[in-house]
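Asks: I have a structure I would like to understand better, so I am pasting it below and will then ask my questions one at a time.
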Amino acid sequence: MDQFTINLLFVGASFALYIGIAIWARAGSTSEFYAAGRGVHPVTNGMATAADWMSAASFISMAGLIAFTGYDNSSFLMGWTGGYVLLALLLAPYLRKFGKYTVSEFIGDRFYSPTARVVAVICLIVASTTYVIGQMTGVGVAFGRFLEVSNTAGLLIGACVVFAYAVFGGMKGVTYTQVAQYCVLITAYTIPAIFISLQLTGTPVPALGLFGDHVASGEPLLAKLDTIVTELGFKEYTLHHSNTLNMVLFTLSLMIGTAGLPHVIMRFFTVPRVADARWSAGWTLVFIALLYLTAPAVGAMARLNITDMMWPNGTDGEAVSVEQIENDARYDWMATWQKTGLLAWEDKNGDGKIQYYNDKSESMQAKAAEKGWEGNELTKFNRDILVLANPEIANLPGWVIGLVAAGGLAAALSTAAGLLLAISSAVSHDLIKGSINPQISEKGELLSARIAMAVAIVVATYLGLNPPGFAAQTVALAFGLAAASIFPALMMGIFTKVNNKGAVAGMLSGLIVTLIYIFLHKGWLFIPDTNSFTDADPLLGPIKSTSFGAVGALVNFTVAYFVSKSSEPIPAEIEQLVESVRVPRGAGAAQDH
């Protein structure tokens, strides 16, 4: 059986499973559409939240970014996992206790303002739409390779699948579909990692293999990798090379962005009790850890494998020949990925070899001049392909490659469904029912939610054709927007007495200043070549567009505080509402003994 047929079987079977679950769990009421009837078990919800969270950025892109940068990109791991601790401790139980369906509804009621609710909807749509671009990018990459179709066709197929199980199933259908998708994606991620760890280190646990010895050389794996990459002119893999301030801001932006993502917070509205919200967050961290402890090993081992393939005779020997790439079965993956346009090489000096090295390094420029090289000849290696290509690079069996195909699509589609549900809920429940037509029937609200989701799918698919960066980088921008706009409003709504004017001013200022900073670096509305700066040369010192969310959050908090202080205090009933949300039931005054 050829690889294409194997891929079709794995992907087709997983899609049939998702759509079958959606039909079985079809939402029949707004409660089931928005919150799955509030009857989801904490373990089930933890698994669904993990799938909702571990998107194309985590599955497809993150290990690739770590592989080609090393320690400096560990901030993705620290920020995303640390954010869940914040979410579990500071937000999830209180928001569940409030008892609403959406984040925007909480903000509207807490800040006693329809305007605050509408502004929250705008912030939610902007952040979620940016996020979903990264997911559709991942869908296009995965389909383009494994189903051997164009990126555009891949996006369209993925959009149709999401439409089938998200539009009709709502939160109830999405919840149980995401449980299945978690099982698929975590299996698809860990099995190749175990194989590769055994090959390179003899250890079946990738996280332990990362710190073990390289079987072929007897050296520690990371020391071996450091030696190879530095010999090719790249920076040491295990050391910190980037600006520390930017790294701190980036990690903080990812953390508070995580705690402010509407599609993740919505999952905590689906459990029966407040205590279940905390348990859900705990279980989510357990399920996420299975992938996040494996990702650094996947990145490091893949980088070592790729370098060995490009220099099969060692870095002091000859580079891989064009003839070997074209005729050796171990290099078939390169020809396959070349067809997608995401991998490219060129024999610039006509010597029949493909030299892979850092041609920007001064020491390597001198060596290249001596040997007659004319630049790095592995001219393109898209970071988003590394995890998907990893089983092929390691020459693993065809069924593993098919499993990874299904896993990559599960990761992208699960998060896309959650984001689209958050957008549709904001439009139908918060905008239409909350502001435009409060008298709308439940049937009409359900219909409007499905129409809003269908429109959101079309917009997301269109934007996914021209993303502003790799999947994980695009997602980081969305986290920055959530960090700057939604997270401060939630925190101030639970723990402070900020009034409605302060909340609205804070959200708008945080969103606008962050959005402008991103557009200045990534292009207005992400249109190519309309940017004035780049992340290599940012507007504000070392602060890149992906790190600005933390600054935007500070702007939000500051503006909200001063505007609130200069206007009237919150009403007494709202103050009592805040106290009732924050203080556990049955808690009395402290007693003097």
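The values are calculated or read from the model by the stated rules, or taken from the named source; none is laboratory data. These numbers come from a predicted model, not from an experiment. Here Cβ is always computed from backbone atoms with ideal geometry, including for glycine, and neighbour counts include all displayed protein chains. Heavy atoms of the whole protein, side chains included, go into the accessibility calculation; ligands, DNA and RNA do not. Shrake-Rupley method; radii C 1.70, N 1.55, O 1.52, S 1.80 Å.
Asks: By per-residue mean of other Cβ atoms within 10 Å, what is the highest-first order of 499-507, 539-547?
Replies: Sorting 499-507, 539-547 by mean packing, highest first, produces 499-507, 539-547.
Asks: Sticking with this structure for a sec: Just the projected area, averaged over all directions, of the convex hull on the alpha carbon atoms of the chain: how many nm²? Could you put the intermediate results ahead of the total?
Replies: Numbers: hull surface 115.9 nm².
If you wrap the Cα atoms of the chain in a convex hull and average its projections, you get 29.0 nm².
Asks: Using 0.36 nm per residue, how much length does the chain from Q338 to K497 gain when fully extended, once their Cα-Cα distance is taken away?
Replies: Contour length minus Cα-Cα distance gives 51.5 nm.
Asks: Check cross-link reach from K339 to the lysines: straight Cα distance under 22 Å, and skip same-chain residues fewer than eight apart.
Replies: Those lysines meeting the cut-off are K348, K353, K380.
Asks: Under unit Cβ charges (Lys, Arg +1; Asp, Glu -1), what dipole magnitude, rounded to 20 debye, does the range 299-367 have relative to its Cα centre?
Replies: Around 280 debye, computed over the range 299-367.
Asks: Could I ask something else about it? Grab the beta carbon distance between T534 and E219, set R0 = 45 Å, and tell me the FRET efficiency rounded to 0.05.
Replies: Step by step, r from the Cβ atoms, then E = 0.75.
Asks: Got a number for the accessible area of C183? Probe 1.4 Å, square angstrom, nearest 10.
Replies: Spelled out: C183, probe radius 1.4 Å, area about 60 Å².
Asks: Continuing with the same structure: How much of the accessible area of the chain, probe 1.4 Å, is carbon plus sulfur, in whole percent?
Replies: Its accessible area is 62 percent carbon and sulfur atoms.
Asks: Let me ask something else. Over the range 432-539, what relative contact order in percent results from Cα pairs under 8 Å that are six or more residues apart?
Replies: Once normalised by length, the contact order is 18 percent.
Asks: For the range 121-136, just list the computed ³J(HN,Hα) in residue order, Karplus coefficients 6.51, -1.76 and 1.60, θ = phi - 60°, integers in Hz, with x standing in for Gly and Pro.
Replies: 4, 4, 4, 4, 5, 4, 5, 5, 5, 4, 4, 5, 4, x, 5, 5
Asks: Might you tell me the accessible area per residue for the chain, computed with a 1.4 Å probe and given in Å²?
Replies: 37 Å²
Asks: If you place +1 on the Cβ of every Lys and Arg, -1 on the Cβ of every Asp and Glu, and leave all else neutral, what size is the dipole of the chain about its Cα centre, to the nearest 20 Debye?
Replies: Charge dipole, the chain, about its Cα centre: 2360 debye, nearest 20.
Asks: Starting from the Cα of A275, step 7 Å along the direction of its Cβ; do the same at L239; then give the gap between the two resulting points in nm.
Replies: 5.3 nm
Asks: Please name whichever of I66, A489, H241 sits farthest to the positive end of the charge dipole of the chain, dipole taken about the Cα centre and charges placed at Cβ: Lys and Arg +1, Asp and Glu -1.
Replies: Value computed over the given set: A489.
Asks: May I ask which of K224/K367; K97/K522; K97/K544; K235/K544; K224/K522; K97/K443 have a Cα-Cα span longer than 30 Å here?
Replies: Result: K97/K522; K97/K544; K224/K522 exceed 30 Å.
Asks: To the nearest 10 square angstrom, what accessible area does H429 show with a 1.4 Å probe?
Replies: 10 Å²
Asks: Sticking with this structure for a sec: Can you order the peptides 339-345, 61-67 by their average number of other Cβ atoms within 10 Å per residue, highest first?
Replies: On the way: 339-345: 16.7, 61-67: 28.3.
Taking the mean over residues of other Cβ atoms within 10 Å, the ranking is 61-67, 339-345.
Asks: Would you give the gap between the C-alpha center of the range 223-280 and the C-alpha center of the range 348-394, rounded to a whole Å?
Replies: 29 Å
Asks: Using the Cα centre as the reference, give the magnitude of the dipole from point charges on the C-beta atoms of the range 370-521 (Lys, Arg: +1; Asp, Glu: -1; all else neutral), rounded to the nearest 20 debye. Before the final figure, lay out the partial values.
Replies: On the way: 8 positive and 8 negative charges, 116 e Å.
Roughly 560 debye for the range 370-521.
Asks: Within the range 102-128, find all residues whose amide N lies under 19 Å from a label point positioned 7 Å from the Cα of I516 along Cα-to-beta-carbon.
Replies: From the range 102-128, the list is 123, 126-127.
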